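Notes follow the structure.
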Amino acid sequence: MKGEMEMTEDVVIVGAGIAGLATAVALKRVGVRALVLERSQGLRSTGAAITLQPNAWLALDALGVSHKLTPIYAPLFKRYVTNVSTGDVQQSLFTGKGPRTVHRKALLEALADELPTDSIRFSSKLAAIESQEQGGGASTAVVHLEDGTVIKSKVLIGCDGLHSVVARWLGLAEPVYSGRSAVRGLARFPQGHGFKQEVQRFEDVGKRAAFVPLNERELYWFFVCEVAGDAMHPMTPDLGQGGGSSLEDAVVLGRHIGNSVIRNGALMVPGDMAKAIDDYVKERRWRAAWLVTGSYISGWKQQGGAKWWMMFLRDGVFYKYVFGWIAGLVDYNCGNLPAVSSGKED
Ligand SMILES: Cc1cc2nc3c(=O)[nH]c(=O)nc-3n(C[C@H](O)[C@H](O)[C@H](O)COP(=O)(O)OP(=O)(O)OC[C@H]3O[C@@H](n4cnc5c(N)ncnc54)[C@H](O)[C@@H]3O)c2cc1C
């Protein structure tokens, strides 16, 4: 029963989005149970679909989840970028395995299905956090939910998205408005849409649109214009990497916590857990910084102005020299999870 309860948990994850669920799966794989708190009544599938690049699929491999999605969603093999003003069309082939676009709901369900049913607590909005000293350098996070429930947790992981309560509590600054906003949706064609597994993108000054097949009857489309993962490293959607990098985060955090469990035979050895989290931050810091920067530059250039120097920068410099490097950020392997004896798993 919820409301006015007091509970104790080893690990609490706030947010049952891509990051929160993937982190819970990674921890389960290394023998650590986590309670996921989600403010909504069920899994949120806002945003319709998401394109997952090779780095995300490698992370999903490590989480043992990719095999549920790859038979349903075919890889994309080509991208067309049309400059709406000039009519110029640039083509590029996706090398290697290529990205795949999946329904957000299918991704969340594939992750959630890996977890014991009682490990996600819906209608559980985090309202406040306080820290309680336990002596010997250890402290406990005391989590207050809106319904009055109080949960004491040895480890608290914030995956509560862009306006993260956990990130603010840790002292991270509010995200800065990028000046771009997007509308996304699905278009359904009962008789089939007839498009190949290709991305079609259209760019103009201050606006950009794209569509991509999800399957033979559904297209995922979005429109980005100049007006607007995220708790740790919010980024613009221009590289399609917010979700993918959340999956990477989950695997890397799971690896460091799993290695700590293997070294110590238990989850909570205060000094070692602090080191595991510190090592995770060190490993992710530059990767996240490159992705945030690459996403922003990518969006800025794609929608840049009509002035000659902007067009020169975009068509003469960006697409020829910079885009390849930025696009290469998706060919990244975040590694695997350590093998922990199955006796410890739920
Ligand atoms: C237009 C657009 C297109 C994008 N396209 C792509 C793409 O193609 N590929 C890609 O990889 N990424 C893409 N992204 C980025 C991606 O959607 C995000 O990076 C990703 O969803 C972040 O996941 P998350 O779990 O960190 O946060 P979220 O998905 O925001 O999940 C956070 C969860 O926490 C819950 N929550 C929040 N506050 C609380 C609270 N106080 N208490 C309890 N629960 C709480 C929320 O209800 C939510 O379920 C796109 C983003 C946009 C805007």
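What are the residues in the stretch 193-215 that are open to solvent by 70 Å² or more (accessible area, probe 1.4 Å) and part of a loop (DSSP other than H, G, I, E, B), if any?
Residues satisfying the conditions are 194, 195, 196.
Among the residues of the stretch 142-160, are any closer than 24 Å to residue 40 by Cα, at pLDDT 95 or above, hydroxyl-bearing (Ser, Thr, Tyr) and surrounded by 18 or more Cβ atoms within 10 Å (Cβ to Cβ)?
Yes; the residues of the stretch 142-160 include at least one that is closer than 24 Å to residue 40 by Cα, at pLDDT 95 or above, hydroxyl-bearing (Ser, Thr, Tyr) and surrounded by 18 or more Cβ atoms within 10 Å (Cβ to Cβ).
Return the residue satisfying two criteria in turn: it lies in the stretch 76-100 and is open to solvent by 40 Å² or more (accessible area, probe 1.4 Å) and among the β-branched types (Val, Ile, Thr), and of such residues it is nearest to the chain's Cα centre (by Cα).
Restricting to residues being open to solvent by 40 Å² or more (accessible area, probe 1.4 Å) and among the β-branched types (Val, Ile, Thr), the top hit is 95.
Out of 251, 224, 261, report the one residue that is more than 13 Å from the chain's Cα centre (by Cα) and either at pLDDT 85 or above or open to solvent by 10 Å² or more (accessible area, probe 1.4 Å) (or both).
261
Scan the stretch 39-75 residue by residue and report those that are over 20 Å from the mean Cα position of the chain (by Cα) and hydrophobic (A, V, I, L, M, F, W, C).
Listed by number, the residues that qualify are 72, 74.
Looking at the stretch 193-222 only, could you name the residues that are of a type in the set (D, E, K, R) and away from the ligand (no atom under 16 Å from the Cβ)?
Those that are of a type in the set (D, E, K, R) and away from the ligand (no atom under 16 Å from the Cβ): 196, 204, 216, 217.
Kindly indicate whether residue 171 is over 30 Å from residue 12 (Cα atoms) and either at pLDDT below 75 or exposed (fewer than 14 other Cβ atoms within 10 Å of the Cβ) (or both).
So residue 171 fails the test.
Please work out if residue 70 is modelled with pLDDT of 95 or more and within 22 Å of residue 332 (Cβ to Cβ).
Yes.
State whether one or more residues within the stretch 3-12 are small (Gly, Ala, Ser), open to solvent by less than 30 Å² (accessible area, probe 1.4 Å) and near the ligand (Cβ under 7 Å from one of its atoms).
no
Which ranges mark the strands (runs of 3 or more DSSP E) fully within the stretch 107-192 that have 3 or more residues being within 11 Å of the ligand (Cβ to nearest atom)?
126-135, 138-145, 181-188
Note down all Cβ pairs under 7 Å where the first residue falls in the stretch 51-75 and is on the phi > 0 side of the Ramachandran plot, the second is surrounded by 18 or more Cβ atoms within 10 Å (Cβ to Cβ), and they're at least six residues apart or on different chains.
Here the result reads 64/29, each pair linking the stretch 51-75 to a residue that is surrounded by 18 or more Cβ atoms within 10 Å (Cβ to Cβ).
Being surrounded by fewer than 23 Cβ atoms within 10 Å (Cβ to Cβ), within 16 Å of the ligand (Cβ to nearest atom) and more than 15 Å from the chain's Cα centre (by Cα), is that true of even one residue in the stretch 13-30?
No, that holds for no residue.
Tell me which of these residue 43 doesn't satisfy, since it passes every other one: (1) over 12 Å from residue 111 (Cβ atoms); (2) modelled with pLDDT under 95.
The single condition residue 43 does not satisfy is (1).
Taking the condition of being at pLDDT 70 or above, charged (D, E, K, R) and assigned to a helix (DSSP H, G or I), how many residues in the stretch 304-346 meet it?
Qualifying residue count for the region: 3.
I need a count of the residues in the stretch 34-82 that are under 21 Å from residue 219 (Cα atoms) and more than 12 Å from the ligand (Cβ to nearest atom).
Looking only at that region, the number is 14.
The values are calculated or read from the model by the stated rules, or taken from the named source; none is laboratory data. These figures come from a predicted structure and were not determined experimentally. As a convention, Cβ positions derive from the backbone with ideal geometry for all residues, glycine included, and neighbour counts pool all protein chains shown. The area values use the complete protein model at the heavy-atom level, side chains included, leaving out ligands, DNA and RNA. Shrake-Rupley method; radii C 1.70, N 1.55, O 1.52, S 1.80 Å.
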